[in-house]
Amino acid sequence: MTTNKIIPADILLHHEVSQFIFHEAKLQDEHEYDAWEALWADDGVYWIPANGTDIDPEKEMSIIYDNRSRIALRIRQFHTGKRYAQEPKSGVRRVTSNIEVTTLENGEIEARANSIIFEANLRGEFTWACRYIYNLRRKGDGFEMKKKTVLLANNDKALYTLAFLV
Amino acid sequence: MPVENKIDFDTLIKSDQVHGSLYHNEEIYKEELEKIWFKTWVYVGHESEIPKTNDFIMKSIGPQPVIMTRDRKNKIQLLQNRCPHRGNQVCVKQKGNAKLFTCPYHSWTFSNSGDLVGYAFPEGYEGNPNADKKKLGLAKVARVASYRGFIFGSMAEEGPSLEEHLGGAMEMLDRVCLTSPEGEIEVTAGFLKHKTRSNWKFLVENETDGYHPAFVHSSIFSVAESGIGGLYDNKSTALTRDYGNGHTEVDLRPEFRKFDEPMRWFGTTPKKLPDYVKNMNAAYGDTRAREIMIDGTPHAMIYPNLFIAEIQLFVIQPVAVDETVQHVTALQFKGAPVLNRRMRQQTMGSVGPAGFLLADDSEMYERTQRGVKSKQPEWLFLGRGEQREYRDEDGYRVSHATDETPSRGIWRHYRSLMEE
Ligand code: FES
Ligand SMILES: [Fe+2]
């Protein structure tokens, strides 16, 4: 393709990563559980710390600290149809922006982004704000998620139930 | 100012029915603050959260914050976070180590036992007979007492002692500590804070409601192949127990004893925890250690706000008539690092805003809160198992694991507190 010769590699990478992030966001917003689960690497870790951004999840409580098998369990619980905190499912729409992409020395790609998420559920309507840190690996034409960290702006406060995929 | 007794609790609480307004009436909530939260013994924190001299941590009694300190003399103090000058919050840090607290507004400085040690520009107070430093310290929670590291506070100068308040439920705290090879638990893993738009009493009652798990938690029981489901089955041999004074439990020991397998209570086997088993045997002798490891930790609700759910410690905090925060952490047993790690992992999976269990409990709290605002039938029916309830050898009411003996006990105690 001629375009690849014209578009610098870093801009192309930024575009590819952004498209991946937007795709992941859509799967979460639309509760496409299986398609979302398929984005994970076999050693994937899904982490949402509590009480700050620099805690050690091996020592202190996190809101979510799922290894790959626990991610699968989370998805299986949704599929029972009796995960009441998501039955009925929340109406969710998020806007993800401010995407920064770097290639790490081990070849993995780290992307950072901000997201504002609107959630409507039986309790009411709520807004969440967070910083995402993605650690991605190349897989085929796309990427797989090795780690996704979600730094909620209010993670030191008492939070309402957070049962949709964030 | 004495609270005028306008609400007749006798007509709102019957032995097997309670009136829906008890969960959403603002006046009742205000009266509960005075008669329960700012009067009786309330769990505040654990000694291991402030291990060193001059450590402090922010805690609460009901909606009100308190600073829990270990002062210079290693005495535990519970201080109200309100400057005696003009009322500013003296401390806004969650935890730390400090000999002194300086109010940022006009720089009055207090020791970590609450005494006013100095005010800025002292000339303005010199010769003023009312500016007596001894009278202008931080207010203290009137009574502080601890049992096996669990620290409780009561804002009433007088009343039953902590031992009298805990009564038979004290033994449940002993049971928690027994599971540690060193006989002590620690609270060192940090808290998740889960907010729910529901009255605090729905949470208290749910903690020892053995009727709901088979339904509310069937989603996770079925996919996690967890053994917990059977404990709350219709055929379970587990029991509910009412210790009086509002303290209740679901006693799972009959089920665990039936299987007679050490560590089954934690869903594991001695083989997977060789060091823990070795340390337990060394501490208690093989026979006693085996019994302890079969029985496991209790599922205990210490009224009004400390819930020990086998491997977790919850603190229930009302913040408004229809809003409650559950603070939750993994219990940690002194001298059991491998077990502790697994307890943290399981806790993170189960509880908090995204937990496999608690997110669904919380959903039920909120739906019931909205539900009871419907006009009719006005009453909630808590009569399950009343006809098959009996007294155990200690005289406490017990019944089947799914029976509402705990709820009835909780309301009996509540009525006695509110009628005082
Ligand atoms: S309000 Fe604290 S010093 Fe004035
Ligand atoms: Fe529950």
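The values are calculated or read from the model by the stated rules, or taken from the named source; none is laboratory data. For clarity, every value in this text was computed on a predicted model and none was experimentally measured. We place every Cβ from the backbone using ideal geometry, glycine too, and count neighbours over all the protein chains shown.
Data overview
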quantity: Count of segment A:42-76 residues which are closer than 20 Å to B:GLN326 by Cβ, within 9 Å of chain B (Cβ to nearest Cβ) and buried (at least 20 other Cβ atoms within 10 Å of the Cβ); calculated: 8
quantity: Qualifying residue in segment A:128-150 (condition: assigned to a loop (DSSP other than H, G, I, E, B), hydrophobic (A, V, I, L, M, F, W, C) and either modelled with pLDDT of 95 or more or closer than 21 Å to A:PRO57 by Cβ (or both)); calculated: no
quantity: Answer from B:ALA189, B:ALA224, B:ALA238 - the residue that is within 14 Å of chain A (Cβ to nearest Cβ), farther than 15 Å from B:SER362 by Cβ and either at pLDDT 95 or above or within 16 Å of ligand 1 (Cβ to nearest atom) (or both); calculated: B:ALA189
quantity: In segment B:196-221, the residues that are surrounded by fewer than 20 Cβ atoms within 10 Å (Cβ to Cβ) and away from ligand 2 (no atom under 15 Å from the Cβ); calculated: B:ARG197
quantity: Test: B:GLU393 is assigned by TED's automatic domain parsing to the domain that holds B:THR248, over 20 Å from the mean Cα position of the chain (by Cα) and surrounded by fewer than 16 Cβ atoms within 10 Å (Cβ to Cβ); calculated: yes
quantity: Extreme residue, farthest from the chain's Cα centre (by Cα), among residues of segment A:140-166 that are charged (D, E, K, R) and more than 10 Å from chain B (Cβ to nearest Cβ); calculated: A:ASP141
quantity: Residue identified as touching a strand residue (DSSP E or B) at 6+ places or on another chain (Cβ under 7 Å), touching a residue at least 12 places away in the same chain (Cβ under 8 Å) and within 12 Å of chain B (Cβ to nearest Cβ) among A:PHE126, A:PHE118; calculated: A:PHE126
quantity: Strands (runs of 3 or more DSSP E) (entirely within segment B:285-395) containing at least 3 residues that are within 11 Å of chain A (Cβ to nearest Cβ) and under 28 Å from B:LEU192 (Cα atoms); calculated: B:312-320, B:323-330
quantity: Spans of strands (runs of 3 or more DSSP E) in segment B:93-196 with at least 2 residues small (Gly, Ala, Ser); calculated: B:143-147, B:150-154
quantity: Qualifying residue in segment A:81-88 (condition: without any contact (Cβ under 8 Å) to a residue 40 or more places away in the chain, charged (D, E, K, R) and within 11 Å of chain B (Cβ to nearest Cβ)); calculated: yes
quantity: Any hit, segment B:79-97, residues being surrounded by fewer than 22 Cβ atoms within 10 Å (Cβ to Cβ), among the aliphatic types (A, V, I, L, M), more than 16 Å from ligand 1 (Cβ to nearest atom) and not assigned by TED's automatic domain parsing to the domain that holds B:VAL325; calculated: no
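Residues checked against (1) within 16 Å of ligand 1 (Cβ to nearest atom); (2) at pLDDT below 95; (3) β-branched (Val, Ile, Thr):
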position	(1), (2), (3)
B:PHE110	yes, no, no
B:SER113	no, no, no
B:VAL117	yes, no, yes
B:ARG148	no, no, no
